[in-house]
Amino acid sequence: MTETRIKHIACIGAGYVGGPTMAVIAQKCPDIKVTVVDISRERIAEWNDSNLDNLPIYEPGLKEVVAEARGRNLFFCTDVEGAIREADMIFISVNTPTKTYGVGKGMAADLKYVELCARQIANVATGNKIVVEKSTLPVRTAQSIRTILDAESNGLQFQVLSNPEFLAEGTAVSDLLNPDRVLIGGSEEEGGQAAVRALVEIYARWVDRSKILTTNIWSSELSKLTANAFLAQRVSSINAISALCEKSGADVDEIARAIGMDSRIGPKFLKASVGFGGSCFQKDILNLVYIARSYGLTEVADYWEQVISMNDYQKRRFAENIVNRLFNTVSGKKIAIMGWAFKKDTNDTRESAAIYVADYLLNEQAELWVYDPKVKAERVYADLDYLNTRGEDENRKLVKVVRDPYEAMQGAHAVAVLTEWDEFKAYDWQRVYDDMKKPAFLFDGRNILDRNKVKALGFEFEAIGYRS
Ligand SMILES: NC(=O)C1=CN([C@@H]2O[C@H](COP(=O)(O)OP(=O)(O)OC[C@H]3O[C@@H](n4cnc5c(N)ncnc54)[C@H](O)[C@@H]3O)[C@@H](O)[C@H]2O)C=CC1
Ligand SMILES: O=C(O)[C@H]1O[C@H](OP(=O)(O)OP(=O)(O)OC[C@H]2O[C@@H](n3ccc(=O)[nH]c3=O)[C@H](O)[C@@H]2O)[C@H](O)[C@@H](O)[C@@H]1O
């Protein structure tokens, strides 16, 4: 049995997954050279910035890991071909967004970036390679990658593995250092199994072997979509109950505690909210729905699609409630949007509920003042422009992005908390109340504020799944 010892890893895609994942591999395997490549010059320049506060991604603990490994055995560059040529193992960690054109538009995963990588690897490689799917992909994509590689291989041997990533943003570094499990799928032939072993040996440097799970390649691919679907389903389930709580007088946080103590249900991922966001839950469920439909499994597709419908309902319900409570009009009224990121401790805003709530309020001609501790103004405007609901000038006229939270809330008719940033809990809410128009409305879309305290200050207070 020949064992492959990996000396050089390349990763195509220096994004939220490629960057942190490779930084941790490099930190834990100082004898392996890790090169992360990207077509975006700007992103690579940010990864190489001598000021670690300018890394393109904000993640607690990330800059320390990068500081240790960068320049030693971790490199960021735009020379994709050079990195492919040098590497024994190549991770594909490019984006797989929902298709915006053609067959499967709005549902299927767009695999054009992944296919491009496969073709580039096949064209450039001069030796055998292990290709690792790190991106989240539809089940059976490994087959297509294999076919492309083999068709262009010039006699070289390629092995394709699936190694989906389960990190969550905001906790990426600790998730990578201490994962619940690492999943590796490979083909059952000896070559495939040798490739699996080579990847297992890398993770085994810091992950207990009992947590490194090896499966067949299709199970690995489908496990990733399934995990995200189950997680999102829990959020939609508790959010569905939150609507019922608001009507009935039950309290959704009390329900979450009560059901979470059942060890079969478990306490995590039961926090009712304004709706889940992030680049993956919606995209991956839409993809799952598309796959199920393409196999003719209509009931399966309809079942999972409901998770998305419930999430859309939750975002809309929250925005509608703001308008209703503000005497059915927000036209010309200042509303503070506290938090733009899709969750705390990240600067990522993709699919953030805040974007959709803001868009709804802008349609009602509200004047929005946005504050987020980590999101830049350009990002806020880009997110709104991307929706194409109104002109770019109008977005800039109606939305102000400020760096001081109190400035955002001063003189506002309402404050809406849309991200669960810890600093929001520590604000001087008395000062906020004093500086607002009365009645002063406070909508907590994350249930993080102390209800009794803010109500005692005089706020008209609304939370998710709780009737004031
Ligand atoms: N963001 C997350 O927390 C997680 C994401 N995933 C999956 O990982 C994959 C990547 O996601 P992110 O890192 O968030 O995406 P991202 O958009 O942050 O990064 C992808 C990078 O790939 C680069 N790229 C695209 N095509 C390229 C090419 N041909 N050559 C070189 N670079 C290229 C882009 O310029 C971009 O910088 C997706 O499939 C996603 O579903 C999985 C787990 C967690
Ligand atoms: O494939 C991916 O991209 C990743 O997607 C999620 O990670 P992420 O989206 O970064 O963050 P989560 O913590 O899962 O939160 C997703 C959304 O659900 C919301 N959420 C989460 C939990 C909860 O109880 N309530 C709730 O509203 C969050 O605020 C956020 O908007 C999964 O948790 C990761 O395992 C997965 O790797």
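General remarks:
- For the chain, the relative contact order comes to 12 percent (Cα pairs under 8 Å, sequence separation of at least 6).
- Environment charge of Ser236, counting only residues whose C-beta is closer than 12 Å and scoring Lys/Arg +1, Asp/Glu -1: 0
- Solvent-accessible area, 1.4 Å probe, carbon plus sulfur percent, for segment 8-207: 48 percent
- Compactness of segment 63-180 - radius of gyration and Dmax, Cα, Å: 15.9, 45
- Modelled this way, with points 7 Å down the Cα-to-C-beta line, the labels at Ala204 and Trp218 are 2.9 nm from one another.
- Rounded to whole Å, sorted largest first: equivalent-ellipsoid semi-axes of segment 39-95, Cα gyration tensor: 21, 13, 11
- With contacts taken as Cα pairs under 8 Å and at least 6 residues apart, segment 212-353 reaches a relative contact order of 25 percent.
- Helix 353-363 vs. the chain, principal-axis angle (Cα, 0 to 90°, nearest 10): 50 degrees
- Summed over the residues of the chain and divided among them, the accessible surface reaches 44 Å² per residue at a probe radius of 1.4 Å.
- Segment 274-463, accessible surface, carbon-and-sulfur percent (1.4 angstrom probe): 47 percent
- Ala382 versus Tyr113: modelled label distance in nm, points set 7 Å from Cα along the beta carbon direction: 1.2 nm
- Charge sum, other residues only, whose C-beta stays under 11 Å from Val173's C-beta, Lys/Arg counted +1 and Asp/Glu -1: -4
- Charging the Cβ of each Asp and Glu at -1 and of each Lys and Arg at +1, and nothing else, the dipole of segment 274-463 about its Cα centre rounds to 380 debye.
- Magnitude of the charge dipole for segment 73-212, about its Cα centre and with charges confined to Cβ atoms of Lys, Arg (+1) and Asp, Glu (-1), is about 260 debye.
- Virtual paramagnetic centre 7 Å along Cα→Cβ of Lys453, amide N under 14 Å, in segment 423-438: 423-433
- Burial ranking of peptide ranges 193-206, 330-343 (average Cβ count within 10 Å, highest at the top): 330-343, 193-206
- Each eigenvalue of the Cα gyration tensor of segment 1-105, multiplied by 5 and square-rooted, gives one semi-axis; in descending order these are 23, 20, 12 Å.
- Helix content alone sets the calculated 222 nm mean residue ellipticity of the chain: runs of n ≥ 4 DSSP H residues at -39500 (n - 2.57) each, divided across all residues, give -14000 deg cm²/dmol.
- A straight chain from Asn328 to Asp79 at 0.36 nm per residue would run longer than the Cα-Cα distance by 84.1 nm.
- Three semi-axes describe the equivalent ellipsoid of the chain; taken as square roots of 5 times the Cα gyration tensor eigenvalues and ordered largest first, they are 42, 24, 21 Å.
- Local electrostatic count, Arg390, Cβ distance below 11 Å [Lys/Arg +1, Asp/Glu -1]: -3
- Taking the C-alpha atoms of segment 8-207, convex hull volume expressed per residue in Å³: 122 Å³
- Segments 154-165, 242-253 sorted - mean Cβ within 10 Å per residue, highest first: 154-165, 242-253
- Counting only protein heavy atoms and using a 1.4 Å probe, the accessible area of Ser135 comes to about 10 Å².
- Residues listed by number, segment 223-256, amide nitrogen under 16 Å from Lys425 label point at 7 Å toward C-beta: 253-254
- Antiparallel bridge percentage (DSSP; both residues within the chain; nearest 5): 5 percent
- Cross-link reach list, lysines versus Lys400, counting only Cα pairs under 26 Å and skipping chain neighbours closer than eight places: Lys315, Lys333, Lys334, Lys343, Lys344, Lys374, Lys376, Lys425, Lys437, Lys438
- When the square roots of the Cα gyration tensor eigenvalues are ordered a ≥ b ≥ c, the ratio a/c for segment 337-429 is 1.5 or more and a/b does not exceed b/c, which makes its shape oblate.
- Rel. contact order, % - alpha carbon contacts under 8 angstrom, at least six apart, segment 274-463: 20 percent
- The Stokes-Einstein estimate for segment 274-463, based on a Kirkwood radius over Cα pairs and taken at 4 °C with 1.567 mPa s viscosity, is a diffusion coefficient of 75 µm²/s.
The values are calculated or read from the model by the stated rules, or taken from the named source; none is laboratory data. Bear in mind that the values here come from a model prediction, so they are computed numbers and not experimental data. Cβ: placed from backbone, ideal geometry, glycine included. Neighbour counts: every protein chain shown. The protein model used for the area step is the full one, side chains on, heavy atoms only, and it has no ligands, DNA or RNA in it. Shrake-Rupley method; radii C 1.70, N 1.55, O 1.52, S 1.80 Å.
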